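The values are calculated or read from the model by the stated rules, or taken from the named source; none is laboratory data. No experiment lies behind these values; they were computed from the predicted model shown. Cβ coordinates were reconstructed from backbone atoms using ideal geometry, including for glycine residues, and neighbour counts include every protein chain displayed.
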Amino acid sequence: MKWRGREQSSNIEDRRGQTGGGLGGLGGSPFGRGGGGIRIPSGGGSRGGLGSLIGIVVVLGIIWVVTGTNPIDIISGGSGSSSPSASSSSQLPTSGEQAELRDFVGVVVKETEDLWTEVFQASDQDYPEPTVVLFSNAVNTACGAADSSTGPFYCPGDQKVYIDLAFYDQLREQFGAPGDFAQAYVLAHEVGHHIQNITGVLPEFNQRRASMSQEQANAYSVRVELQADCYAGVWANYAGQEDLLDNGDIEEALNAAEQIGDDTLQKRMQGFAVPKTFNHGTSAQRKTWFERGYTSGNPGDCDTFSGNV
């Protein structure tokens with residue numbers, strides 16, 4: 001990805017080196033804060049609106065099956081509510097690699113801001129930009145406390161994306177998804193959850209979740225995650241129009257989508273997959289919806305809530 005030397009977002013909050021914990025875990029419901037949101041009508045053109053949106057929220061954008069934590073349990077105050085603690089030796093990383101990653105995140109976030117500002121302006125709406133929080137080991141959020149094992153996630157309560165940059169080592173080494181555009185895909189996916197939050201998709205789930213069984217909530221979770229993948233693909237299309245893509249970038253993102261599919265993760269962890277527990281989508285589904293967004297560049301083509309996925 002051709003990111004060096006480009007403008008960075010001003011919405012980066014660096015909390016690395018600060019201690020986390022103290023909020024009692026990611027329990028309770030973080031939703032219903034400013035519910036309703038705006039609706040952007042569907043339209044034609046390259047990036048012609050977000051379409052009709054219904055669905056659900058999972059606080060965690062990417063959460064690894066290997067952690068043993070079900071994101072639905074977390075948002076309902078279930079088994080994922082243990083309180084993390086930060087390492088006493090945690091301090092602000094100053095290595096050249098960390099500094100470069102911080103700059104990389106700033107550039108990618110700025111490019112997502114440019115895309116979604118354009119999309120919202122096409123419908124005479126302002127785009128409320130999210131903040132991206134960098135943390136190490138553990139962090140406090142409006143959704144509760146989280147630690148690095150959670151993976152990157154979006155909290156609708158404070159409209160912030162949270163990421164420990166050490167996750168990128170895990171993405172490359174443990175999950176076999178190297179490359180800077182694989183890293184960009186992760187960020188664009190989390191920003192996709194922000195789009196869902198401000199357009200009313202996530203608050204709507206808060207109203208519907210109480211009547212859902214665990215299996216139903218998992219099934220809806222798949223649809224919301226696939227839509228975020230599609231939005232990441234829309235951003236990849238925009239990045240191509242901005243001449244940011246190197247040869248092989250899209251393949252890096254598609255490989256990442258494949259490596260983090262529920263079926264692939266479960267088979268890697270336990271040797272078999274249990275479809276009724278899927279909450280992010282299979283590898284094939286995640287690749288398909290990312291590719292759909294990338295091919296069309298139109299958020300209106302990211303309706304994962306109608307028909308089969």
Review point. Among the candidates 217, 177, which residue alone is out of contact with any Lys or Arg (no Cβ under 8 Å at 6 or more places or on another chain) and among the hydrophobic types (A, V, I, L, M, F, W, C)?
Key: 177
Exercise for review: Go through the residues of segment 155-164 one by one and say whether even a single one is in contact (Cβ under 8 Å) with a residue 40 or more places away in the chain and surrounded by fewer than 20 Cβ atoms within 10 Å (Cβ to Cβ).
Suggested key: yes
Check your understanding: Got a number for residues in segment 198-217 being over 20 Å from residue 306 (Cβ atoms) and loosely packed, with under 14 Cβ neighbours inside 10 Å?
Key -> 4
Check your understanding: Wholly within segment 186-292, which helices (runs of 4 or more DSSP H) include no fewer than the required count, namely at least 3 residues that are within 24 Å of residue 163 (Cβ to Cβ) and among the hydrophobic types (A, V, I, L, M, F, W, C)?
Key -> 201-208, 214-241, 249-259
Practice item. Please specify each residue of segment 295-309 satisfying the condition of being out of contact with any Cys (no Cβ under 9 Å at 6 or more places or on another chain) and not small (Gly, Ala, Ser). Key: 295, 298, 305, 308, 309
Practice item. Only residues that are more than 15 Å from residue 226 (Cβ to Cβ) and either touching a strand residue (DSSP E or B) at 6+ places or on another chain (Cβ under 6 Å) or among the polar types (S, T, N, Q) (or both): list them for segment 268-294, please. Key: 270, 277
**Study point:** Close pairs (6 angstrom Cβ cut-off, 6 or more residues apart or separate chains): closer than 23 Å to residue 11 by Cα in segment 191-216, among the β-branched types (Val, Ile, Thr) and surrounded by 20 or more Cβ atoms within 10 Å (Cβ to Cβ) anywhere
**Key:** 191/112; 202/57
**Study point:** Single unsatisfied condition, residue 146 versus (1) among the aliphatic types (A, V, I, L, M); (2) out of contact with any Gly (no Cβ under 9 Å at 6 or more places or on another chain); (3) farther than 25 Å from residue 7 by Cα
**Key:** (2)
Review point. For residue 126, which of the numbered conditions (1) in a loop (DSSP other than H, G, I, E, B); (2) surrounded by fewer than 16 Cβ atoms within 10 Å (Cβ to Cβ); (3) modelled with pLDDT under 95; (4) of a type outside the set (A, V, I, L, M) fails to hold?
Key: (3)
Point to revise | residue 281 surrounded by fewer than 22 Cβ atoms within 10 Å (Cβ to Cβ) and under 30 Å from residue 117 (Cβ atoms) | key: no
Review point. When you go through 177, 182 one by one, which is the residue that is farther than 19 Å from residue 298 by Cβ and not in a helix (DSSP H, G or I)?
Key: 177
Practice item. Would you be able to tell me the number of residues in segment 237-255 that are touching a residue at least 40 places away in the same chain (Cβ under 8 Å) and under 20 Å from residue 176 (Cβ atoms)? Key: 7
